[in-house]
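A quick write-up on the structure given underneath.
What follows draws every value from the coordinates through simple rules; no lab data is involved. Because the structure is a prediction, the values reported are computed rather than measured. So basically every Cβ, Gly included, is an ideal-geometry build from the backbone, and we count neighbours across all protein chains shown.
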Amino acid sequence: MYYNIVTVNTNSGGLLMFNVYCVVTDCPVTEDFYCDFPTGISNDMILVPSSNFKVMIDGDLTTFPPHTAFYYPARTPFCYTRTEGEYIDYFIHFSSDNNAYKEFHLPIGQPIYITEPSDIYSLMKMIARENILTGRNRSEILDNLMKNLFLKIGENIENNSPEPHYNELYKIRSRIYLHPEKEWSLDLIASDLHMSINNIHRLYKKFFGTSFINDVIESRLRKAKNYLSHTNYTVATIAEYCGYNNVEHFSRQFKQYTGITPKRYRDQEA
């Protein structure tokens, strides 16, 4: 079955993470099929073909087996095409106000080898069906289905070996977001992994689309926002709980990245 439904969800009050625009499942393509977007597209995309296919990796078209997933955030370049034999396309175009790749830690433009593809395809078909309905809970149902899809795809990451050092850096990134308050040192990580700092910088940006330092800051500010919104802790206490030794430095960095002071953010969230 083939679905190609272009719709826009109403994000009720900004509470939803995902908006689904286009869903394609079980779609055979012609022999001259070649999908090339050198500047990406305006939406995020999940691609999980159920047949052999080729993806552009570092300038070369590399063949991947069926049930290999790729995630491309908006405006990320991508190129893929069919191989010999039948090609069946599965993909979803969507947007995520909360940067899904940061929330769910999916690699950008790197293969994720799916061990239980039937679960993934079932979720994609459910999303396609729900996307054409008009029930009052449609947006919330789609949002939950998309979250489940990301979680299901993420379960396969530990068993993947897309490139050397990916799993090690993925585990470090997960620990950063779990414990942003810790003293994260690039020197120590480089020593533990027996890698140069420059190599870690390069691979981290390649795998996750951001730098190690930016991820540490992002994780700390995310935790700070949660404290500001849901507790009565002082700004100094929140700074300490989020890994800052100096409240002035915390306040400056918070304003630099969010455009407002911690106090202003708390007042807006009240």
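Values for this structure:
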item: Members of 125/171; 54/206; 171/225; 223/255 lying beyond 22 Å, as alpha-carbon distances in this model show; result: 125/171; 171/225
item: Dipole of the chain, positive direction: furthest Cα of 244, 113, 207, with charges on the beta-carbon; result: 244
item: Gain in span if fully extended, residue 116 to residue 141, counting 0.36 nm per residue against the direct Cα distance; result: 6.7 nm
item: ³J(HN,Hα), Karplus 6.51/-1.76/1.60, whole Hz, each residue of segment 239-256, x for Gly, Pro; result: 4, 5, 5, 9, x, 9, 8, 9, 5, 5, 5, 4, 5, 5, 5, 4, 5, 4
item: Note, ³J(HN,Hα) from phi for segment 228-237, Karplus 6.51, -1.76, 1.60, rounded to Hz, x at Gly and Pro; result: 5, 7, 10, 9, 9, 4, 5, 4, 5, 5
item: Sorted by Cβ neighbour density within 10 Å, fewest at the top, the residues 88, 197, 157; result: 197, 88, 157
item: FRET efficiency estimate (nearest 0.05) - Cβ-Cβ, residue 167 to residue 187, R0 30 angstrom; result: 0.90
item: Peptides ranked, highest mean first, by Cβ atoms within 10 Å: ranges 52-58, 243-249; result: 52-58, 243-249
item: Label assignment, Kirkwood radius over Cα pairs in Å derived from the structure, set [x] 19.9; [y] 18.2; [z] 20.3; result: [z]
item: Within the chain, helix-based [θ] at 222 nm, where runs of 4 or more DSSP H residues each add -39,500 (n - 2.57), nearest 500; result: -13000 deg cm²/dmol
item: Dipole of segment 13-66, positive direction: furthest Cα of 53, 38, 24, with charges on the beta-carbon; result: 24
